[in-house]
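So the structure is just underneath, and the comments pick up after that.
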């Protein structure tokens, strides 16, 4: 059974054209999911099914990709995405404390999005290459480094203010006050 059409005709056409470029249509499933997510912002069940149908792949194969790749989002994210690095240098310098304080201050656990969709909190083992300024977090595309307790509280204040005015953080807490 075909899923209802939630994607625009333009995106559906792009996915079909993409699938034609592959010797096996279902090989286009990952790029098709990326195109669908680019249009919708995330991948609700019906959109996952629609993308799978367009390339002739089983829905289960599409769900496997969504479950495996962190870049594919089955749930909507907040306008601001906070990702705390948990690699060894950050861990040794307080990443666990950082994520606990952010979690408590935001009222959400890692992997969750606030009810108003203002912020998503994540804790990752992906290294952001800022080991010399640990612990750190990436807020959208900006790095916030040397996040000691005081800098963490400033970051929380920025995140809360951004959520209230529906904007993005302004970067005042980017460097925990340490020298470069």
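Just so you know, all these numbers are worked out from the coordinates, no wet-lab data involved. Source: prediction; values computed, not measured. When we count neighbours, we look across all protein chains shown, and the Cβ atoms used for this are built from the backbone with ideal geometry, even at glycine.
A few remarks follow.
- Between 0 and 90 degrees, the angle of helix 29-40 with respect to the longest Cα principal axis of the chain falls at about 70 degrees.
- Identified option (computed Rg/Rh (Cα atoms, Kirkwood Rh); candidates [x] 1.17; [y] 1.08; [z] 1.01): [y]
- Where only DSSP H runs of four or more residues are counted, the chain gives -13000 deg cm²/dmol as its mean residue ellipticity at 222 nm, each run worth -39500 (n - 2.57).
- Rg followed by Dmax, in Å, when the range 9-68 is reduced to its Cα trace: 10.1, 29
- Sorted by Cβ neighbour density within 10 Å, fewest at the top, the residues 148, 116: 116, 148
- Extension gain, residue 127-residue 141: 0.36 nm per intervening residue step, less the Cα-Cα distance, totals 3.6 nm.
- The chain, relative contact order in percent, only Cα pairs under 8 angstrom and at least six apart counted: 17
- Rounded to 10°, Cα long-axis angle of helix 95-106 versus longest principal axis of the chain: 80
- Using alpha-carbon coordinates, inclination of helix 45-55 to the longest axis of the chain, degrees: 50
- The slack between residue 92 and residue 45, meaning 0.36 nm per residue of separation minus the straight C-alpha distance, is 13.0 nm.
- Highest-MSF residue in the chain out of 18, 73, 33 [GNM, Cα springs under 10 Å]: 18
- Calculated on alpha-carbon atoms, Rg and Dmax of the range 80-164 in Å: 11.5, 34
- Per-residue extension of 0.36 nm, minus the Cα-Cα distance of residue 61 and residue 103, leaves a gain of 11.8 nm for this segment.
- Exposure proxy ranking for 158, 64, based on other Cβ atoms within 10 angstrom of each Cβ and starting from the fewest, stands as 64, 158.
- Computed E for residue 149/residue 71 - FRET, C-beta separation, R0 30 angstrom, nearest 0.05: 0.40
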